[in-house]
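Shown next, in structure tokens, is the structure this report addresses.
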Amino acid sequence: MEPQRMGTISLALSSDQEIVVDTKADAVDCSKFLVDIYGTTFLGQTYATEQFVYESMPDEVVIPYGDYTVSAQNCMEDAAASGFGCARYYGVSEQVAVMSQEVEKVTVKCTMVNGKVTLTFDESFLEDFSNVTVDVEATRSVSMTSSQANAPTDVYFNVPQTGTQLIYTIHGTVAEGTESEKRLTYTNSSSPMTLFPAKWAKITIKSNHNGLIGPGVIVDGEMGSDSYTEFIDPEDGDAVVGGTAGLPVIQVDTRIDDATMIDCIIDIL
């Protein structure tokens, strides 16, 4: 049998980022990326290195001659869906042949493979509403309270390539502590957004002070012992049921942007 001959793999990682839209991406620390090298040797054996943290990798990794693939990611899939989650960047190289004295440059394009949702509470909303709760649901459900409404809040979801429904439901109390106190709800459940990998859904929650807003605004709550639900007419802004003239209602602006792509340059020797 032919003896197993060994070659060397040497890795270098760049942190160049391409911002696809006119938004500022979060900085990505490539030194913490997890790197895997795996493939089949020329003798037909399956081979994989241990998972390396890039900043602590040896300068050279000796592996058998063979055909290999290199992957890089900043965190594992489970970690990206824990709590509010985190942006998960992942990429896989094309297959490369590792042989003695041959050098080939391999590019691993690490794209954000989960979806990002940013909630921003406009000043108008914080002026009019208190006791705020927000539920965001995609591949899982995440809930927030008004204590988290003072700064943009990011939530990450691991989503399939085909996308998944993104539903948000916002609750807020208007005129709290008065006879006209009401608990209002806004939801997009009747026409949900679709969240895809490497997409960034930006949801800005506002208030329309005079209560004239459409479409799809739902008002529910209690006034004494009388419960009611109210829909705001999208054509003229008049209430179809109930009477909340002059009270603010919840307004939501949405936008979908592309996420960041990182080029990880890896030299195979």
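Read the figures in this text as sums done on the coordinates, not as results from a lab. Quick caveat: nothing in here was measured; it's all calculated off a predicted structure. Ideal geometry is used to build each Cβ from the backbone, glycine not excepted, and the neighbour counts take in all protein chains shown.
Derived scalar couplings between HN and Hα for segment 31-42 equal 5, 8, 4, 9, 10, 10, 10, 8, x, 10, 6, 5 Hz in order, rounded to whole Hz, by the Karplus curve 6.51 cos²θ - 1.76 cosθ + 1.60 (θ = phi - 60°), x for Gly and Pro. Taking the average, over residues, of other Cβ atoms within 10 Å as the packing measure, peptides 110-117, 60-67 rank 110-117, 60-67 from highest down.
All other residues whose Cβ lies under 14 angstrom from that of Q165 are scored, Lys and Arg at +1 and Asp and Glu at -1, for a net of 0. Neighbours of I205 by Cβ distance under 14 Å: Lys/Arg scored +1, Asp/Glu scored -1, total -3. Neighbours of I256 by Cβ distance under 11 Å: Lys/Arg scored +1, Asp/Glu scored -1, total +2.
Close amide H contacts of N114 (hydrogens built in the peptide plane, cut-off under 5 Å, sequence separation of 5 or more or a different chain): R88, A198.
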